[in-house]
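The values are calculated or read from the model by the stated rules, or taken from the named source; none is laboratory data. The structure displayed is predicted, hence computed values, not measured ones. Here the Cβ is made from the backbone with ideal geometry for all residues, glycine too, and neighbour counts use every protein chain on show. We work out accessible area using only protein heavy atoms, side chains counted, and drop any ligands, DNA or RNA first. Shrake-Rupley method; radii C 1.70, N 1.55, O 1.52, S 1.80 Å.
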Amino acid sequence: MQRYFLLLLISLFSHLLYSQSADLHLGARSLGLANSSVTLSDEWSIINNVAGIHGIADPVIGIGSKYRYNLPELSGTYLAAVLPWKEFGLGIHIYRLGDALYSEHKIGLGMTHQVGFVKLGAKVNYYQIRAEGFGQQSNLIFEFGGIAEMLPWLTFAAHIYNLNQARLLDYADERVPVVMKSGIALKPEENLSVLLEVFKDLNHPVQYRAGIEYGVSGLCSLRTGMQHYPRMPFFGIGLRPGIFSIDYGFGAGWVPGQIHEFSISCTFIKGQ
Amino acid sequence: MSKVKAIFCAFFLGVLMVCLPPTPLYGQAWMADAPDNDIEQLLNNFFPGPVDEEGMEDLYESLLLLYQQPIDINSAGYEELRQLFMLSERQISNVLRYRRAYGKIYSIYELQYIDGFERPLIEALADFIRFDQRTEKPSGILPQFDHSARHQWLMRYGRILERRRGFTAPDTLADGRLSSRYAGDPGHYFMRHRVQKRGDYSLGFTLENDPGESLRWNPSQHWYGPDFVSAHYSIENRGALKNLIIGDFNFQSGHGLIFGPLFRMGKGDEPVRTLRPAPSGFKPYTSVYEYVPFRGISASLSQGIWTLHTFYSSIRRSSSPMVEEATDSEGFLTGNLRSSGLHRTPGELAGRKNLKEESAGFSLAMMPGSQGNLQMGIQAVGTKFDKEVVPIRRRYNQFAFQGQEQINYGFYLNYRVGDLLCFSEWAANTRGGTALLIGMLGNLGRSIEASLLYRNYSPLYNSFYGNAFGESAGNSNEEGIFMGIKYMPLRGLTLKAWSDYFRFPWLRYRIDAPSYGHDASFVMHYDWGERLRIRLQYRNRERWRNIPGVFDAPLHTPLPANATSARSDISLAATENLWLHTRFRWSRFEQNATYSRGFLLAQDVEYANKQWMIAARMAIFDTDDFDSRQFVYERDVLYFFAVPAFHRRGVRYYITTRLHANSTYSFWLKWAQTRFTDQKFIGSGLDRIEGNTRTDVRLMCRIKI
């Protein structure tokens, strides 16, 4: 009986989290853009679109935390590290969500390569869900992504999560959802990017997102975004003092609630 | 069939052959008379969505005034240049920057050198700016009638040809009383007279009588002939006295939380420039919307960086027809302070001008710095009624104004940095309500403009004269974030999108619970050299609404109601004077798993030369119900901006003609008819027409002296 009750609880949670797809986007930069980050190429791409870690010249380590809907039980912390190796890009990320009653852990390893003007990446994740009294379930999840910079002002990207349709429960056909997203990035001006993305989680209706990033003359970046369902505007700000990169993102929604995210990363420039 | 095909082919080929972008001529001499068509066209291009008539008239008047007395591009400051809504923030900055760097701008050709000034923009601006310095200092209090003054009379008569129930003989009810009927005749009379010299003086009056209202003379009942009488006299620029108005006027200051403009553009087609704060100040009231904001005396004084606006007003208001007997001699029950302005039936007449409202207020503004980048002001208004106002208690108006007096006060702050304008306003009233509005707008790049606005109006906040940005009229009980973007990637192509996300913390009319909502719009606009104009729009709105339930249940259940609409407007110039417009509207309304759809298609032919204009339309519409009604702009007589709505099934056709007989006399005539296919009667109550046809006729005459 307890099993079924906890199952219900998990499915309730997954509705709130939109089927654990919330942890498919990390990094306050991504949050500030309403998670329309499939085309972006930064240290947080190890989570957002693994192909994006290609081309990062120096090793980067970043940490961050996400606070959702005023519920500490739904807050998550993560760490990401990216480094270039020969002609590949390598990345690792660790993520934890929840508390003693219910928690999720994820460790991912990714690798990228460039073919022509297309960057391709693949990642394997070890994903574990634990619920008190219920035990734990872990599986491997594979993801695959690509970014194509077709023109200086136009980039196209696509990503698929859970290629292998990992099974969540042994006795029922409850699977981790397959998520696909694809988007474009436009750069109409030097310091302005417009991002558009279509996001489809198998268990939920299709979602459209748009984000705008505006660089204020080298000082900071201002970000804003909108997701169409559930309708919510997002805002974010980013600073780049020296080797650090500090970002803050904020999702302004009354339903289901507000989301705050803060992340810092540090670049290790070679020769220092 | 092949003959029809051949005609269509010939038509389209002909259209294609003449569709070559023409070369524009700079400094083309326009006719001395205002090109009404062009201003209407300009307005229609910039604000083609459904707008309220009274505001549109205000905007048209300002544009017309700008045309008559153009802005001096060399001396105009930021506030004055803002009146030219064709200019973005960056373009305005560039003009000021260019002037500082290179001095005077001598001719229209020189505008090309200003960054961001392309040919189409310069053409659009040409009639509204001037380069020479023709300034005569106005003096004296009395108006000087000379050739540079604009002096005109307008007279309009309108009528619905079919007989409405209100104009039939009354029935005798069971208790022997006669049933309610309209007091007057079915004609709609309007007259306006105005003498005006921009920057100097303005004198005018407006008379209006709605259909069903009778003419009478009864000064003790505040009835001076027609039902609505309004007048003003204003003088400007007498040294430190920038403005003095005696009569009817409106006041706008800050962003409209306390003193708002008549026309609130907000969420229409344009997501950026319409959010700009209107210039602060008093304007004579010349509209026919019968809720005159102020009637009394106003003055604006300016010295250095300080400007003081102050006024006193005493005006009588009508309350809406539902007036119940006072429970005691001190109390006074009234329905709604903003009544419809209609005084036709005994019920409406009983509520006519029975409430006296006195108000006095001020706004003190400061603009430090030589470039006018920082503007701030404080303002307040006190309002007092001669009776206690008690609204009829409903589910949603727990926090509505009740009492005999109220003071609103607040401040505003605008700051320009680069090409971005940051603005804010905060206001409060003596009942404990507060309102906050904060935002920014401007250029993010050469061809991209964006805007962002956050507002939070508490349920206890209300203002009698405010009209600030919001989802609903009346800036109360609302919190929301609005974001807009406008992108012009190529010449002639504009992409606009905006999104509004809001909630109502308390109940509202037809929403019996706190609720959320959102609204989004996407527009694509393409102009090809004055020959072709395409406009496509997609809009999606969601708000909650009560679903029909038990009539007198204490609370109904509100559910989300989603309305999606798409529209396309295509205008083709077959020849220089002949335009063809095709308009298409579609919408879908969905709530609680039931939905209704609506559709409208209209084809217009319009011919205009310097003297004549003839516009004709044929339209068909088919909507499931009132929720899926369709709005479409119609060419009408001068100053009559109607965007009528159509529902059910039927056909609509009209002919509008205009004749400029000579430089003094001009005439307009509109004949319009709607024929519903499935109805035996149209309308309800006293406006009910037996039959399925409704015909409107309007005749207007303008005399320019």
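For the reader, a short list of remarks on this structure follows.
- Test result for B:THR286, open to solvent by 10 Å² or more (accessible area, probe 1.4 Å) and under 30 Å from B:GLU449 (Cα atoms): no
- Residues being hydroxyl-bearing (Ser, Thr, Tyr), within 16 Å of A:ALA34 (Cβ to Cβ) and either more than 14 Å from chain B (Cβ to nearest Cβ) or surrounded by fewer than 17 Cβ atoms within 10 Å (Cβ to Cβ) (or both) - total across segment A:150-202: 1
- Boolean, A:GLY116 is farther than 13 Å from A:LEU26 by Cα and buried (at least 16 other Cβ atoms within 10 Å of the Cβ): no
- Matching residues in segment B:582-594 - criterion: being in contact (Cβ under 8 Å) with a residue 12 or more places away in the chain and over 15 Å from B:GLN537 (Cβ atoms): B:PHE589, B:GLU590, B:GLN591, B:ASN592
- For beta carbons closer than 6 Å, sequence separation of 6+ or different chains, a first residue in segment A:111-138 that is over 22 Å from A:HIS159 (Cβ atoms) and free of Cβ contacts under 8 Å to residues at least 60 places away in the same chain and a second that is open to solvent by less than 40 Å² (accessible area, probe 1.4 Å) and among the β-branched types (Val, Ile, Thr), the qualifying pairs are A:GLN137/A:ILE129.
- Which numbered condition B:LEU333 fails, given (1) modelled with pLDDT of 85 or more; (2) open to solvent by 30 Å² or more (accessible area, probe 1.4 Å): (1)
- If the condition is being in contact with a Leu (Cβ under 7 Å, 6 or more places away or on another chain) and in contact (Cβ under 8 Å) with a residue 60 or more places away in the chain, then segment A:184-209 contributes A:ILE184, A:ALA185, A:LEU195.
For every residue, the table says whether it meets (1) assigned to a strand (DSSP E or B); (2) farther than 25 Å from B:THR286 by Cβ; (3) open to solvent by 10 Å² or more (accessible area, probe 1.4 Å).
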| position | (1), (2), (3) |
| --- | --- |
| B:ALA602 | yes, yes, no |
| B:GLU606 | yes, yes, yes |
| B:ALA616 | yes, yes, yes |
| B:GLU634 | no, no, no |
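- Single condition B:ASP419 does not satisfy, out of (1) open to solvent by 70 Å² or more (accessible area, probe 1.4 Å); (2) closer than 28 Å to B:GLY369 by Cβ; (3) in contact with a Ser or Thr (Cβ under 8 Å, 6 or more places away or on another chain): (1)
- Identity of the residue in segment B:298-330, of a type in the set (S, T, N, Q) and in contact with a strand residue (DSSP E or B) (Cβ under 6 Å, 6 or more places away or on another chain), that ends up modelled with the lowest pLDDT: B:SER319
- Selection within segment B:399-416: residues that are more than 20 Å from B:GLY480 (Cα to Cα) and part of a loop (DSSP other than H, G, I, E, B). The member of this set that is most open to solvent (accessible area, probe 1.4 Å) is B:GLN402.
- Some residue of segment B:193-214 being under 24 Å from B:SER318 (Cβ atoms) and open to solvent by 70 Å² or more (accessible area, probe 1.4 Å): no
- Residue in segment B:442-452 that is in contact (Cβ under 8 Å) with a residue 60 or more places away in the chain, within 14 Å of another protein chain (Cβ to nearest Cβ) and among the hydroxyl-bearing types (Ser, Thr, Tyr) present: yes
Let's see how each residue does on (1) in contact (Cβ under 8 Å) with a residue 60 or more places away in the chain; (2) under 27 Å from B:ARG163 (Cβ atoms); (3) buried (at least 17 other Cβ atoms within 10 Å of the Cβ):
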site: B:ASN662; (1), (2), (3): no, no, no
site: B:TYR665; (1), (2), (3): no, no, no
site: B:LYS680; (1), (2), (3): no, yes, no
site: B:LEU686; (1), (2), (3): yes, yes, yes
site: B:ILE689; (1), (2), (3): yes, yes, yes
site: B:ILE703; (1), (2), (3): yes, no, no
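- All strands (runs of 3 or more DSSP E) inside segment B:460-570 with 1 or more residues being at pLDDT below 90, open to solvent by less than 60 Å² (accessible area, probe 1.4 Å) and within 14 Å of chain A (Cβ to nearest Cβ): B:478-490
- Residue in segment B:354-373 that is in contact with a Leu (Cβ under 7 Å, 6 or more places away or on another chain), at pLDDT 80 or above, part of a strand (DSSP E or B) and open to solvent by less than 50 Å² (accessible area, probe 1.4 Å) present: no
- Some residue of segment B:414-423 being within 14 Å of chain A (Cβ to nearest Cβ), at negative phi and free of Cβ contacts under 8 Å to residues at least 40 places away in the same chain: yes
- Evaluation of B:GLY239 against (1) out of contact with any helix residue (DSSP H, G or I) (no Cβ under 7 Å at 6 or more places or on another chain); (2) surrounded by 22 or more Cβ atoms within 10 Å (Cβ to Cβ) (one fails), failing number: (2)
- Among the residues of segment B:87-113, the one identified as under 29 Å from the mean Cα position of the chain (by Cα) and open to solvent by 50 Å² or more (accessible area, probe 1.4 Å) is B:ARG90.
Rundown of residues vs (1) in a helix (DSSP H, G or I); (2) at pLDDT below 80, yes/no style:
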position: B:ALA101; (1), (2): yes, no
position: B:PRO138; (1), (2): no, yes
position: B:PRO143; (1), (2): no, yes
position: B:GLU162; (1), (2): no, no
